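What follows is a set of notes on a single structure, which appears directly below.
Since every read-out is calculated from the coordinates, none of them should be taken as a lab result. None of these values were measured; they are calculated from a predicted model. Cβ placement follows ideal geometry from the backbone for every residue including glycine, while neighbour counts extend to all protein chains displayed.
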Amino acid sequence: GSGDAQAGAAAAATPAAVSTPLPAALEAGGAGAGLDAGTGGLPPPASEAYLRHSIVPHCYRKCFPLSYKSHLSHDIVLMCLPCHQVCSVYDQQRMAELGQLYSAPLQQDNQKYCHDQDVATVRSAARALTNPKVAIPAARRVELQRVVAAHFGVPDAVPSAAQLAEAGALDPRKPATEWAPHAERVVAALGEGSEAIQRFVQGWRQHFLDKMQPRYLPPYWSVDSRVANSTAHKIGDDDDGVLASVDGGEGGQASEDTDGLPE
C-alpha cells in the first residue's frame, strides 16, 4: 500500500509523503490503500486531520534528562491516520528489539503485580461463605471458616460478618518488588552521558527514515541534527517537565533555533 504523511515541525506542518509496504498486521485491514485518490499524487490538503507522531516514543523521552525531554521539531511529525498506524507497528517492532538488546522485554510491562495465592484462597473462602446461593456442607464450611479465621490470626474462632466482608474484598495482587517499566530500564541501560542518548535518538530517526521512507521532509531535516535543548529549563511539575527557552518561548511557542527549525 502507499500512504501520505506530513512530517517536519508540527507547527510548520511541512508535507512529507511516504511510500512503504504495510506490515502484515495491517495488510488485512487495507490501511494505507488508495490515499492518493483525488490528490493527484500529492499530500492531502492541510485542512485534513493529522496526528502528531513522536519519532522517539514518549515512553523513552520522559525518562531522559531534562535537557533531552524537549520535543525538538525534528522528532515531531504530522501523519494521516493510516500512516500513523503503519509507523506505530514498526515502532513496536523496534521497541521489542530494544527490549531484547537491553534485557527489558516488553512483556514485563504486564508484570507490575504478582499474584498472592494465599490471599486469593482467603478471599475465595470468604466469598463462598457469604454467598447465599451456595449450599456448603457443614464440614466444608468449618474448613472455610478456619481459612478466613487464620488470616486474622484467630484460627480456632468463627469469623465475624465484618471479617468475612473484609476478607472477601482482599486483592490478591501485590506490587512486584523488582519491577520497572520497559522504557525506564532501556534508558537506564544506555548509561550516563550525552553521547549514549544522542545515539539512541538518532537511531530512532534513522528507523523512521528506513521504515517510512518520507519523500517530503524539509531539506534541512537531518538524522544528525542536535538532540539536546541546551536553552531549556524547567518551569512546571507535570510528567514531562514543562520546558521553556531562555529567550521566553514556552510550551509549544515557536522560538528561533540555530538549525532553522522552531522549538
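Numbers at a glance
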read-out: Local net charge near ARG94, Cβ-Cβ under 11 Å (Lys/Arg +1, Asp/Glu -1); value: -2
read-out: Environment charge of GLY168, counting only residues whose C-beta is closer than 10 Å and scoring Lys/Arg +1, Asp/Glu -1; value: +1
read-out: Separation in nanometres of the label points that stand 7 Å from Cα toward Cβ, at SER54 and HIS115; value: 3.2 nm
read-out: Ordering of 62-68, 169-175 by burial proxy (mean other Cβ atoms within 10 Å per residue, highest first); value: 62-68, 169-175
read-out: Only Lys, Arg (+1) and Asp, Glu (-1) charged, at Cβ; the stretch 113-175 dipole about Cα centre in debye; value: 240 debye
read-out: Net charge of Cβ neighbours under 13 Å - reference GLY203; Lys, Arg +1; Asp, Glu -1; value: -2
